[in-house]
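Heads up: the structure comes next, in structure tokens.
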Amino acid sequence: MDGNGRWAKLRGLPRSAGHKIGAKTFQKITRYCNQVGIKYLTVYAFSTENWARPKEEVDALMSLFREYLKDAHNFADENVKVQFIGDRSAFDDDIISLMEECEKESADFTGLHLNIALNYGGRDEIIHAAKTLYDDIASGKIKDKSEINKKLFSSYLYTSGQPDVDLIIRPSGEYRLSNFMIWQSAYAEYVFMDILWPDFTEKALDKALDEFAKRNRRFGGV
Ligand code: FPP
């Protein structure tokens with residue numbers, strides 16, 4: 001959800017003001033994805049590198065997460081299943097509890113599956129998976145090297161049980177992946193859009209989906 005800072009700067013506002021509007025855009029787009037029948041949506045809300053931002057910006061983001069999580073019950077009537085991906089242990093205890101509550105409350109919902117990536121990094125996710133796999137080898141749960149394949153490894157990722165990524169939309173005019181779902185996006189289609197996240201609309205999403213529908217996906221075949 002990139003471009004919040006620039007959106008605010010263009011208006012002479014603090015960066016946190018951009019995140020605040022960005023949070024509204026996130027809720028609007030989540031609702032829309034659910035309405036149009038998208039099954040999985042992952043939003044990148046806070047990376048493992050974002051802790052390096054000025055303290056007041058990090059604090060403002062934590063307040064926004066708290067606000068959203070307390071409010072998340074409002075999503076209950078929309079049937080959205082919420083899951084957090086990333087290393088949550090770095091957050092304050094109250095945020096961790098709110099995350100757990102949110103996941104628990106929405107666990108049986110059958111609408112959109114929403115992954116919110118918080119303190120997430122693709123490389124960290126792979127290392128975390130490798131360490132858990134190591135534990136399972138050490139405990140004898142995995143007995144032979146031949147059991148390790150792509151399917152098994154995927155099951156150690158935060159997105160265990162979910163399909164691979166089909167489409168990645170990066171707003172704000174940047175042409176980078178920035179450590180986002182690097183395992184899951186091996187065959188993803190990319191749509192880069194020159195629109196700052198707070199300005200992102202349902203129409204922009206439709207445009208990205210139209211672009212995706214035109215792509216000829218061969219998955220390495222012919
Ligand atoms: C990147 O834009 C955005 C972020 C690091 C924060 C994204 C978080 C939200 C939109 C808050 C809502 C999320 C939830 C779950 C309530 P940037 O600040 O790097 O923008 P810039 O590149 O223009 O500086």
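No value in this document is a laboratory result; all are computed from the given coordinates. No experiment lies behind these values; they were computed from the predicted model shown. Because the Cβ atoms are built from the backbone with ideal geometry, glycine has one as well, and the counts that use them run over all protein chains shown.
Explain nothing, just the number: dipole magnitude of the chain about its Cα centre with +1 on each Lys and Arg Cβ and -1 on each Asp and Glu Cβ, in debye rounded to the nearest 20. Please list the in-between numbers first.
Working: 31 positive and 34 negative charges, 159 e Å.
Around 760 debye, computed over the chain.
Among 198, 220, 188, whose Cα projects farthest towards the positive end of the dipole of the stretch 181-222, with charges put on the beta-carbon of Lys, Arg (+1) and Asp, Glu (-1)?
220
Using mean Cβ contacts within 10 Å as the protection proxy, how do 25-35, 54-64 order, highest first?
Values: 25-35: 17.7, 54-64: 14.4.
For the peptides 25-35, 54-64, the packing ranking is 25-35, 54-64.
Based only on Cα atoms, what Rg/Rh ratio does the stretch 46-152 have, Rh being taken as Kirkwood's radius? Don't skip to the end; give the middle numbers.
Values: Rg = 16.8 Å, Rh = 15.9 Å.
Answer for the stretch 46-152: 1.06.
Using Cα centres only, tell me the gap between the stretch 19-77 and the stretch 108-134 in whole Å.
16 Å
Given only helices, namely DSSP H runs of n ≥ 4 each adding -39500 (n - 2.57), what is the per-residue ellipticity at 222 nm of the chain, to the nearest 500 deg cm²/dmol?
Working: 7 runs with 95 residues, N = 222.
Calculated mean residue ellipticity at 222 nm is -13500 deg cm²/dmol.
If you add up the charges near residue 168, with Lys and Arg at +1 and Asp and Glu at -1, over every other residue whose beta carbon is less than 14 angstrom from its beta carbon, what do you get?
Working: positive: 170, 176, 215, 217; negative: 2, 164, 166, 174, 189, 211.
Counting the neighbours of residue 168, the net charge comes to -2.
Within the stretch 197-222, find all residues whose amide N lies under 13 Å from a label point positioned 7 Å from the Cα of residue 186 along Cα-to-beta-carbon.
Under cut-off, by backbone N: 219-221.
Over every pair of different alpha-carbon atoms in the chain, take the mean of 1/r and invert it; report that Kirkwood radius in Å.
Details: mean 1/r = 0.0534 Å⁻¹.
Over the chain, the inverse of the mean reciprocal pair distance is 18.7 Å.
For the stretch 1-79, calculate the relative contact order in percent as a whole number, restricting contacts to Cα pairs under 8 Å that are 6 or more residues apart.
Once divided by the residue count of the stretch 1-79, the mean separation gives 27 percent.
At R0 = 22 Å, how high is the FRET efficiency between residue 11 and residue 67 if r is their beta carbon distance? Nearest 0.05 is fine. Intermediate results must be reported in sequence, preceding the final value.
Values: r = 21 Å, r/R0 = 0.97.
Working from the Cβ atoms, E equals 0.55.
When the Karplus curve 6.51 cos²θ - 1.76 cosθ + 1.60 is applied with θ = phi - 60°, which whole-Hz ³J(HN,Hα) does each residue of the stretch 208-214 get, with x for Gly and Pro?
The phi angles translate into 5, 5, 4, 4, 4, 5, 7 Hz.
Place a point 7 Å from the Cα of residue 78 along the Cα-to-Cβ direction; which residues of the stretch 19-35 have their backbone N under 13 Å from it?
23-35
Can you give me the relative contact order of the chain as a percent, contacts being Cα pairs under 8 Å and 6 or more apart? Before the final figure, lay out each step's value.
On the way: 284 pairs, mean separation 54.5, N = 222.
With pairs under 8 Å counted, the relative contact order is 25 percent.
Bin width 10 Å, alpha-carbon pairs only: give the P(r) of the stretch 119-206 as whole percents, running from 0 to the bin holding the largest distance.
P(r) over the stretch 119-206, rounded to whole percents: 15, 37, 27, 13, 7, 0.
Using packing as a proxy for protection, rank 167-175, 208-216 so that the peptide with the highest average count of other Cβ atoms within 10 Å comes first. Intermediate values should be presented prior to the final figure.
Values: 167-175: 16.8, 208-216: 12.3.
Per-residue Cβ counts within 10 Å, averaged per peptide and sorted highest first, yield 167-175, 208-216.
Please give me, ordered by residue number, the trypsin sites (Lys or Arg not before Pro) of the stretch 108-152 that lie in loop per DSSP and have at most 12 other Cβ atoms within 10 Å.
Values: sites: 123, 131, 141, 143, 145, 150, 151; in loops: 141, 143.
Listed in order of number, the matching sites are 141, 143.
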